[in-house]
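Remarks on the structure that follows.
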Ligand code: PGA
């Protein structure tokens, strides 16, 4: 089955010259890349159009790192999923732990964003795993259940989950493959409890947190993840391309 490899560039490339250098190197790596998998990159919102135009012919998809929960109106500073879609993006990350932490996003906010993303046929990548102080497993249960209970089976099939243990993000530390596998199965079981086994098996579940070329094969294949969400290592087009190659 095809894996999905998503690069989350976060709030990097803080000027045009850095963006251009990154874009040039990225294009160099990916223009000849042959991969059976699906690759996507999520740049800062302001560069979405640039990256869409740059990578349009490479087969690399574009995603946003967030969106708002309304499609238009007086919401200063927010970006409509419709605008994101109109630029050519295919994905939108929602509920990343950094947004839950720094922007105080709740499960309800995340669900509202998912609803609007689905309405304009943007595929939401819902990040779960934030540890708010209790047991991580309870956090994951709450976050996944909130989505699962608020969306129909048809909708759930168009949502991707990304399991990201917060302590693994940017730390260079990763859980064991057994632990990742257990969490992925657990997320599937939560989906299955409401929407049935068949639906649960069709939902994409990614792993994210300190993924690099050296660990991606184990973290993705041994765990039966449907792909990976890559932060730090995607800031180097060369390292990101290595990750993609490892999964070929
Ligand atoms: P990392 O980030 O790969 O730098 O750990 C992952 C993420 O935040 O999605």
(message) For Cα pairs less than 8 Å apart in space and 6+ apart in sequence, what is the mean separation divided by the residue count of the chain, i.e. the relative contact order in percent?
(response) 20 percent
(message) Can you give me the distance in nm between label points at residue 49 and residue 221, each placed 7 Å from the Cα along the Cα-to-Cβ direction?
(response) 4.2 nm
(message) How far apart, in nanometres, would the label points at residue 236 and residue 18 be if each is projected 7 angstrom from Cα along the Cα-to-Cβ direction?
(response) 1.7 nm
(request) Name the residue, out of 45, 11, 183, whose mean-square fluctuation peaks in a Gaussian network model built on the chain with Cα pairs under 10 Å. (result) 11
(request) Rounded to the nearest 0.05, what FRET efficiency do residue 57 and residue 150 give with R0 = 35 Å and r taken as the Cβ-Cβ distance? Could you check? (result) 0.40
(message) Can you order the peptides 100-107, 143-150, 23-30, 2-9 by their average number of other Cβ atoms within 10 Å per residue, highest first?
(response) 2-9, 143-150, 23-30, 100-107
(request) Determine the calculated [θ] at 222 nm for the chain from helices alone, applying -39500 (n - 2.57) to every DSSP H run no shorter than 4 residues and normalising by the residue count; nearest 500 deg cm²/dmol. (result) -12500 deg cm²/dmol
(message) As an exercise, use a Förster radius of 30 Å and the Cβ-Cβ distance of residue 33 and residue 158 to find the FRET efficiency, rounded to the nearest 0.05.
(response) 0.70
(request) Return the FRET efficiency for the residue pair residue 75, residue 197: r is the Cβ-Cβ distance, R0 is 45 Å, and the value is rounded to the nearest 0.05. (result) 0.70
(message) One quarter of the convex hull surface, Cα atoms only: what value does that give for the chain in nm²?
(response) 12.4 nm²
(message) What distance in nm separates the two pseudo spin-label positions at residue 115 and residue 186, each 7 Å out from Cα along the beta-carbon direction?
(response) 2.8 nm
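All of the numbers you see were taken from the coordinates with simple rules; none came from a lab. Computed from a predicted model, the values in this text were never measured in an experiment. Cβ: placed from backbone, ideal geometry, glycine included. Neighbour counts: every protein chain shown.
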